[in-house]
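Undergrad: First, the structure itself, so that you have it in front of you.
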Amino acid sequence: MALLCLFKCAHALLKRENKILENKVAERTKELAEKNTDITSSIEYAKRIQEVILPAKDQIFSKFNNAFILYKPKDIVSGDFYWYGNKNGFKIFAVVDCTGHGVPGAFMSMIGHNIFESGGN
């Protein structure tokens, strides 16, 4: 009889501890989901900023016959970009793949774009 009582008490204690752990897991999962949403929103905003530095497609298509642009970053933001400019009467078009993917690559692409815009100075 005492063994049965001990078993029931241990079982009740385990159920209570399981419930506490399940609640903690649910709480942490919710926190992670919120942080993931915040981070993804921030990176999506960075994507819009990164897209602004790209030359307008119409600008390129009006200068280069039979041109096409295939821009498919691996991540939301990337180290890849293209650039167009004129210098001393020359049309200059660059396709650049900076080291890194994602956010580090995006930082590198912004630096690379600024170098092109400054004329390499």
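Undergrad: Report, by residue number, each residue of the stretch 108-121 that is of a type outside the set (Asp, Glu), surrounded by fewer than 16 Cβ atoms within 10 Å (Cβ to Cβ) and not in a loop (DSSP other than H, G, I, E, B).
TA: 111, 114, 115
Undergrad: Further question on the same structure: Quick one: in the stretch 1-38, of everything that is surrounded by 10 or more Cβ atoms within 10 Å (Cβ to Cβ), among the hydrophobic types (A, V, I, L, M, F, W, C) and modelled with pLDDT under 95, which residue is nearest to residue 105 (Cα to Cα)?
TA: Ranking the candidates gives 14 first.
Undergrad: Oh, and also: Filter the stretch 46-74 down to the residues that are more than 18 Å from residue 111 (Cα to Cα) and part of a helix (DSSP H, G or I), then identify the one that is nearest to the chain's Cα centre (by Cα). Break it down stepwise before answering.
TA: Taking the stretch 46-74 and keeping what is more than 18 Å from residue 111 (Cα to Cα), we get 56-72, 74.
From the residues that got through so far, the ones that are part of a helix (DSSP H, G or I) too are 57-63.
On the way: 57: 23, 58: 27, 59: 27, 60: 27, 61: 28, 62: 31, 63: 32 Å.
Ranking the qualifying residues of the stretch 46-74, first place goes to 57.
Undergrad: So, one more: Taking the condition of being surrounded by fewer than 18 Cβ atoms within 10 Å (Cβ to Cβ), without any contact (Cβ under 8 Å) to a residue 60 or more places away in the chain and assigned to a helix (DSSP H, G or I), how many residues in the stretch 75-107 meet it?
TA: Residues that pass the stated criteria total 3.
The values are calculated or read from the model by the stated rules, or taken from the named source; none is laboratory data. Being a predicted model, the structure only gives us computed values, none of them experimental. Please note: Cβ atoms are built from the backbone with ideal geometry, for glycine as well, and neighbour counts cover all protein chains shown.
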